[in-house]
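S.K.: Quick one: structure below, then a few questions.
Coordinate-derived values only; no laboratory data. Nothing here was measured: the structure is a model prediction, and the numbers come from that model. Cβ placement follows ideal geometry from the backbone for every residue including glycine, while neighbour counts extend to all protein chains displayed.
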Amino acid sequence: MNKVHIIAEAGTNHNGQYATAEQLAQTAKIAGADSVKFQIIYPEGLYLPKFFDKSQYVDNEVFLTRQKFMLSDAEYSRLADYCRQLDLLFSASVFDERGLNLLDELDAPYIKIASCDLNNSRLLKQAAERGHQIVLSTGMATLAEIDRAVADITATGHNKVVLMHCVSIYPALLSQMNLSFIDTLTTAFGLPVGLSDHTEGSLAAAIAVSKGVTWLEKHFTLDRASPGFDHAYAMEPPVLTQYVTDVRSAETACHRPSAKISQSEATVKQRARRGLYAARDMVAGEIVTAADILIVRPEGPLRPNEMDLVMGKPLKQHVYQYQPLSLELV
């Protein structure tokens with residue numbers, strides 16, 4: 001089993017403060033994540049700046065808040081350099097061509113496309129043309145919509161795609177996660193599959209690992225009480241660290257060894273399994289009957305289901321009570 005790539009999703013939880021963005025990267029590194037991911041959002045590329053209402057224009061408060069919580073392009077470039085110093089992969093979700101261009105300039109190892117843009121054919125094709133691996137979330141999407149998105153990408157000749165099963169509820173209950181859809185994605189597309197995990201624990205991730213996902217994404221923050229879009233359901237640093245630990249433990253538990261029975265289990269097997277033993281002293285020439293055989297611990301040369309190999313046969317030599325029975329004796 002390949003190591004699962006864990007994305008620590010910082011989003012815009014820096015609230016527009018570069019120093020906080022560096023702290024988030026540090027937190028992801030300490031927790032053991034493979035990459036830290038931010039959200040490069042230019043509000044004009046994602047939202048209407050104003051709404052037309054009753055013959056007047058009204059400010060879009062989300063637009064204004066997003067403007068307030070932005071980092072500059074120069075700060076993202078500096079942040080990418082900082083992550084390289086940490087030996088931590090840096091990437092981002094992007095929502096328009098400007099964001100794609102910046103992420104391309106920063107030579108990110110993958111481009112994240114959020115669930116909201118799964119049906120944005122233009123953005124999908126633009127991302128594919130950049131040549132980077134695409135990590136595509138599938139929240140709010142039918143199987144037919146996912147098929148169309150994959151077709152939009154692969155029509156460009158690009159096939160480096162990871163499909164992230166996602167339930168776009170924040171936070172999501174375990175009962176809402178529909179984790180069996182991971183199997184559907186794997187069967188339908190033959191692409192790497194991951195989980196964008198919006199639950200508040202690690203159980204969904206552990207189940208997903210058992211289903212063979214190779215990517216996981218988890219939101220985190222320095223403080224859940226902070227103002228902003230994604231803090232309230234994100235994991236704080238100690239919980240993120242435990243999440244990564246739980247995922248790695250799940251990987252270990254699901255690892256398929258070269259031999260089914262390990263040396264440790266073989267030791268237990270020798271003590272716990274039964275063998276065939278002589279119930280009494282017997283002389284050469286006696287016919288072994290069921291009454292002459294004890295089926296008890298520890299494991300012996302013959303297993304209980306091999307009793308027919310000695311029963312009804314004459315002994316070649318004297319056998320003592322409690323002696324292990326073997327094929328050499330009959």
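S.K.: Any residue in the range 234-257 that is basic (K, R) sitting within a Cβ distance under 9 Å of a residue that is surrounded by 16 or more Cβ atoms within 10 Å (Cβ to Cβ)? List the pairs, counting only those 6 or more apart or interchain.
M.R.: As it stands, the answer is R248/V4; R248/I6, since those pairs meet every condition given.
S.K.: Does V58 fit the bill of being of a type in the set (A, V, I, L, M, F, W, C) and touching a Lys or Arg at 6+ places or on another chain (Cβ under 8 Å)?
M.R.: Judged against the criteria, V58 is a match.
S.K.: When both residues are 6+ apart or on different chains and their Cβ atoms are under 8 Å apart, which pairs have a first residue that lies in the range 210-225 and is within 12 Å of H14 (Cα to Cα), and a second that is part of a strand (DSSP E or B)?
M.R.: F220/A8; F220/E9; F220/A10; F220/M235; T221/A10; T221/M235
S.K.: State the number of residues belonging to the range 23-48 that are among the β-branched types (V, I, T), over 30 Å from N60 (Cα atoms) and under 17 Å from the mean Cα position of the chain (by Cα).
M.R.: Of the residues in that region, 0 qualify.
S.K.: In the range 142-159, what residues are in a loop (DSSP other than H, G, I, E, B) and surrounded by 16 or more Cβ atoms within 10 Å (Cβ to Cβ)?
M.R.: The one that is in a loop (DSSP other than H, G, I, E, B) and surrounded by 16 or more Cβ atoms within 10 Å (Cβ to Cβ): H158.
S.K.: Considering only the range 9-25, state which residues are of a type in the set (S, T, N, Q) and surrounded by 17 or more Cβ atoms within 10 Å (Cβ to Cβ).
M.R.: Within the range 9-25, T12, N13, N15, T20 meet the criteria.
S.K.: Does A188 qualify as being under 29 Å from T154 (Cβ atoms) and aliphatic (A, V, I, L, M)?
M.R.: The answer is yes for A188.
S.K.: Could you list, in sequence order, all residues of the range 51-77 that are assigned to a strand (DSSP E or B) and acidic (D, E)?
M.R.: The answer is D53, D59.
S.K.: Moving to a separate point now. Among the numbered criteria (1) out of contact with any strand residue (DSSP E or B) (no Cβ under 9 Å at 6 or more places or on another chain); (2) in a loop (DSSP other than H, G, I, E, B); (3) crowded, with 16+ Cβ neighbours inside 10 Å, which one does G139 miss?
M.R.: (1)
S.K.: Continuing with this model, one more query. Would you mention how many residues in the range 81-131 are more than 20 Å from N159 (Cα to Cα), in contact (Cβ under 8 Å) with a residue 60 or more places away in the chain and not in a loop (DSSP other than H, G, I, E, B)?
M.R.: Summing the residues that are more than 20 Å from N159 (Cα to Cα), in contact (Cβ under 8 Å) with a residue 60 or more places away in the chain and not in a loop (DSSP other than H, G, I, E, B) in the range 81-131 gives 4.
S.K.: State the number of residues belonging to the range 51-80 that are charged (D, E, K, R) and free of Cβ contacts under 8 Å to residues at least 12 places away in the same chain.
M.R.: Going through the range 51-80 one residue at a time, the tally reaches 4.
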